[in-house]
Amino acid sequence: MSTIHIALLGYGTVGKGVYQTIKTHQKRFKAILGKEVKIEAVLVKNLEKHQLPDPDVILTNKFEDIISLPKLDVVIDAIVGKQPGFSYLSQAIKRGCHIITANKQMFAHYGRELLSLAEKHGVSVGFEATVAGGIPVIQTLRKLLSVNHIKKVHGILNGTSNFILTKMREEGCSFSDALSLAQEKGYAEADPTNDVEGFDAFYKAMILSEVVYGKQPDWEKVRKQGISSITLEQIELFSKFGLRFKHVASLEKTTKGIHCSVKPVLVSSSHPLFHVEDVQNAVSIDADIVGNISLQGPGAGMFPTASAIVEDLIQLETERARPDEGADHASFAHEPLLTWVLYGEVKNLEIPESIEIIGKINAKALLVLAKEESIENLSNKIKGITVYQLLGDFTFSGTEESRFPSAHSITGS
Ligand code: HSE
């Protein structure tokens, strides 16, 4: 039976979770992939602090030992910070390895570069574990919502903050006691400022923005506020009125671009986020066809994060086995379908299959749905047409024709 050879960067909470999960789920890997999965080496900062349970696995503090392993298929990144993670993963890609990362700060900064480098070298990048722990939100958005147009996303993206707010409200814990408990449980970052001041949720929101809208908002314009200024007194007061503090990241495409904020809000019991407690995360997606989808699950901790990583491993292996169906290596997102108004001589206009006609606003204006690239191709080819993107909904009042019949050529008056 063939083997997938893995190197693991980092042996903290997440690294240990991945190591144990791979070790204890060999039967499942064999059943799904028909292959064994073997961790060949683990990279740590301090050799003295760690001991691996298996003597045949190399423990090293030198990345050179990792990148020069004779057999290496996948590098799993469970370290924190922009560097050296970015540099290690770039080298792994150049060597022809697939990469899987849980490092949100690094991926919010360098995700695009890693994805295009991976495309160049024909390898895959898994980053499910960067956002919302064990919740499969990235796969859901990238693979399962390609046709839907996503209007808004909001969610609780930091498990530590949600845990602290819950403990303070339910048990009257002080902020610092609740934070210590979150650290003990392995939820908090090495530097918990990232959790409680909103940076961690911000990086996750930036990754989601890339996945949903293909770009990030200007970082300087995003309001980022953590939970450290919320007092026990405030929590108790609002609790009496049936309101709970939740730390919420919101993303929305507006006429002025992508609007994002990361801040504490008060939530009443009628809202789905009200019931998201402890270390749970939730992501609520508003899309045009399906309506609202909410995903909820464990947002931090050893095994939820390991779960996201091993699911990525299966995903990239199965995609590799089905090359015709192709992994979407190059980009975070499918290019979105946008709504456009074609204005001008639209009578007798030949509309290609890549552009879907929604309806006729009047004799000179058509409403269509298409990718930006298709619209650019059309307007380069055809003179006498001006194209405007439409933001927001357009309601046909009755005099216009909506939902054109099957013909893709407009011949009506
Ligand atoms: N510190 C992070 C959290 C870990 O609490 O959500 C998971 O990304």
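The values are calculated or read from the model by the stated rules, or taken from the named source; none is laboratory data. Keep in mind that what you see is a predicted model, and the values were worked out from it rather than measured. Methodologically, a virtual Cβ is constructed for each residue, glycine included, from the backbone with ideal geometry; neighbour enumeration extends over all protein chains shown. These area figures cover heavy atoms from the full protein model, side chains too; ligands, DNA and RNA do not enter into them. Shrake-Rupley method; radii C 1.70, N 1.55, O 1.52, S 1.80 Å.
Points worth noting:
- Entirely in region 170-229, the helices (runs of 4 or more DSSP H) that have 1 or more residues that are closer than 28 Å to Asp288 by Cα: 199-213
- Each residue in region 151-181 was checked for being in contact with a Phe, Trp or Tyr (Cβ under 8 Å, 6 or more places away or on another chain) and more than 14 Å from the ligand (Cβ to nearest atom), and 2 of them qualify.
- Residue count, region 231-282 (criterion: open to solvent by less than 30 Å² (accessible area, probe 1.4 Å), of a type in the set (Gly, Ala, Ser) and in a loop (DSSP other than H, G, I, E, B)): 0
- Looking across region 229-257, just one residue is more than 27 Å from Ser270 (Cβ to Cβ) and touching a Gly at 6+ places or on another chain (Cβ under 9 Å), and that is Thr255.
- Selection within region 275-292 - away from the ligand (no atom under 13 Å from the Cβ), within 23 Å of Ser146 (Cβ to Cβ), touching a residue at least 60 places away in the same chain (Cβ under 8 Å) and in contact with a strand residue (DSSP E or B) (Cβ under 9 Å, 6 or more places away or on another chain): Ser284, Ile285, Asp286, Ala287, Asp288
- Screening Val125, Val80 for residues that are more than 16 Å from the ligand (Cβ to nearest atom), open to solvent by 10 Å² or more (accessible area, probe 1.4 Å) and hydrophobic (A, V, I, L, M, F, W, C) leaves exactly one candidate, Val125.
- Test: residue in region 196-218 that is open to solvent by 30 Å² or more (accessible area, probe 1.4 Å), modelled with pLDDT of 95 or more, within 16 Å of the ligand (Cβ to nearest atom) and closer than 30 Å to Lys256 by Cα: yes
- Index of the failed condition, Leu114 passing every other in (1) open to solvent by less than 20 Å² (accessible area, probe 1.4 Å); (2) away from the ligand (no atom under 16 Å from the Cβ); (3) closer than 18 Å to Glu319 by Cα; (4) not assigned by TED's automatic domain parsing to the domain that holds Val290: (3)
- Any chance Arg142 is of a type in the set (Lys, Arg), under 30 Å from Glu64 (Cβ atoms), under 13 Å from the mean Cα position of the chain (by Cα) and more than 16 Å from the ligand (Cβ to nearest atom): no
- Output for region 128-139, where each listed residue is more than 11 Å from the ligand (Cβ to nearest atom) and hydroxyl-bearing (Ser, Thr, Tyr): none
- Matching residues in region 150-189 - criterion: being open to solvent by less than 50 Å² (accessible area, probe 1.4 Å), among the charged types (D, E, K, R) and closer than 27 Å to His259 by Cα: Glu189
- If you check Lys38, Lys62 for being of a type in the set (Lys, Arg) and open to solvent by 70 Å² or more (accessible area, probe 1.4 Å), only one passes: Lys62.
- One residue stands out in region 335-374 among those that are of a type in the set (Val, Ile, Thr) and more than 26 Å from Ser146 (Cα to Cα): the one that is most open to solvent (accessible area, probe 1.4 Å), namely Ile361.
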